[in-house]
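The values are calculated or read from the model by the stated rules, or taken from the named source; none is laboratory data. Predicted, not measured: the structure shown is a model, and the values here were computed from it. In this analysis, Cβ positions are derived from the backbone assuming ideal geometry, glycine residues included, and neighbour counts consider all displayed protein chains.
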Amino acid sequence: MRHLRNAFIILLLASGSLWGQAADQQSFSRQHTALVLVDIQMFYFEGGQMALKNPEVAGKKAGRLLKAFRENGMEVIHVRHDASTNAKIHPDVAPWEGEPVVTKREANGFVNTRLEEILREKGINHLIIAGMMTHMCVEATARAAHDLGFDVTVAEDACATRDIQYANATVSAREVHLSTLATLSGSYGKISTVAKLEKAIKNAD
């Protein structure tokens, strides 16, 4: 079983260049593309009640995407989960005045929120999604966005997750992250890296 699992991970890593290439081939429109930052909140970082594996790295990468969007005058929407403690959005991606902040209570950022309404009002048809956790709120929001007719790209290195337990086994954060991206890729959207997306945004129409 371990050999099969390792082979699966190798296959996912090998296909990474294809994911990035597919995203690069998209036609980016600055007017119709928005960055959706999902739940990059303090409770996922060190000292929080649900600290992830390497959230700092993902947070910094998300911050780079945010900077690229702002510099190019593109839409940014912050999504935050309603929580009682440590619910503040992390400083790396803190909202600017005027940037919409959507508060949710479910994994899917579209459930009982104004997210879809905001996107439609702004004429957005393509979402770049980054955030936490990869296998929960990022995945749920990406799938829902696809089902609502949006084009979706997930920034794989601007997302983070954690080890999970199932059937007396521990599935590592790395495996959870990669398997989630594998299920999203192609069927629900494209997967890319922050560096490739920065380049695509720079060359956008």
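General observations
- Hits in region 82-109 - residues which are under 17 Å from Leu35 (Cα atoms) and in a loop (DSSP other than H, G, I, E, B): His90, Ala94, Pro95, Trp96, Glu97, Gly98, Glu99, Pro100, Asn108, Gly109
One line per residue, one yes/no per condition, for (1) more than 29 Å from Glu121 (Cα to Cα); (2) in contact with a helix residue (DSSP H, G or I) (Cβ under 6 Å, 6 or more places away or on another chain):
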| position | (1), (2) |
| --- | --- |
| Glu139 | no, yes |
| Arg143 | no, no |
| Gly149 | no, no |
| Asp163 | yes, yes |
| Ala167 | yes, no |
| Ala182 | yes, yes |
| Ser185 | no, yes |
| Glu198 | no, yes |
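- Test: residue in region 28-41 that is at pLDDT 95 or above, farther than 24 Å from Glu198 by Cβ, charged (D, E, K, R) and in contact with a strand residue (DSSP E or B) (Cβ under 8 Å, 6 or more places away or on another chain): no
Yes or no, residue by residue, for (1) touching a Gly at 6+ places or on another chain (Cβ under 9 Å); (2) on the phi > 0 side of the Ramachandran plot; (3) in a helix (DSSP H, G or I); (4) not β-branched (Val, Ile, Thr):
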{"position": "Phe28", "(1), (2), (3), (4)": "no, no, no, yes"}
{"position": "Leu37", "(1), (2), (3), (4)": "yes, no, no, yes"}
{"position": "Phe43", "(1), (2), (3), (4)": "no, no, yes, yes"}
{"position": "Leu52", "(1), (2), (3), (4)": "no, no, no, yes"}
{"position": "Ala58", "(1), (2), (3), (4)": "yes, no, yes, yes"}
{"position": "Lys61", "(1), (2), (3), (4)": "no, no, yes, yes"}
{"position": "Leu66", "(1), (2), (3), (4)": "no, no, yes, yes"}
{"position": "Arg70", "(1), (2), (3), (4)": "no, no, yes, yes"}
{"position": "Val79", "(1), (2), (3), (4)": "yes, no, no, no"}
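- Matching residues, region 51-67, being in contact (Cβ under 8 Å) with a residue 60 or more places away in the chain and out of contact with any strand residue (DSSP E or B) (no Cβ under 9 Å at 6 or more places or on another chain): Ala51
- In region 106-125, the condition of being closer than 22 Å to Pro55 by Cβ, surrounded by 19 or more Cβ atoms within 10 Å (Cβ to Cβ), modelled with pLDDT of 95 or more and touching a His at 6+ places or on another chain (Cβ under 7 Å) is met by no residue.
- Scope region 28-81; condition small (Gly, Ala, Ser) and closer than 13 Å to Gly131 by Cβ; matching residues: Ala58, Gly59, Ala62, Gly63
- Residue among Ala182, Ala145, Ala140, Ala195 that is of a type in the set (Gly, Ala, Ser) and either buried (at least 20 other Cβ atoms within 10 Å of the Cβ) or outside any helix (DSSP H, G or I) (or both): Ala145
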